[in-house]
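Everything below concerns the one structure shown next.
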């Protein structure tokens, strides 16, 4: 299936990840914007600028991964 058919965003996208430990939200990144979905439904007020939702992250995201919460606390 095409990205546009599943997520409603024209592809290609730059990166995507799902936060398993945080309500299962899925994030898609394209250019300087990102979209957040829950169960395939776009959350209100999206897309947003990456710089607004992810402070210190550059606008040219090209890869993403998620760590379980316990992994980055030591």
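The values are calculated or read from the model by the stated rules, or taken from the named source; none is laboratory data. What you see is a predicted model, and the numbers here were worked out from it, not measured in a lab. All Cβ positions, even for glycine, are placed from backbone atoms using ideal geometry, and neighbour counts span all protein chains on display.
Per-residue answers, yes or no, for (1) under 13 Å from the mean Cα position of the chain (by Cα); (2) modelled with pLDDT under 85:
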{"residue": "16", "(1), (2)": "yes, no"}
{"residue": "22", "(1), (2)": "yes, yes"}
{"residue": "28", "(1), (2)": "yes, no"}
{"residue": "32", "(1), (2)": "yes, no"}
{"residue": "43", "(1), (2)": "yes, no"}
{"residue": "47", "(1), (2)": "yes, no"}
{"residue": "66", "(1), (2)": "yes, yes"}
{"residue": "72", "(1), (2)": "no, yes"}
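I'd like the full set of residues that are out of contact with any strand residue (DSSP E or B) (no Cβ under 9 Å at 6 or more places or on another chain) and either surrounded by 12 or more Cβ atoms within 10 Å (Cβ to Cβ) or within 20 Å of residue 63 (Cβ to Cβ) (or both), limited to region 32-51. Residue satisfying the conditions is 51 alone.
Taken together, the residues in region 1-31 that are surrounded by fewer than 16 Cβ atoms within 10 Å (Cβ to Cβ) and not in a strand (DSSP E or B) amount to 16.
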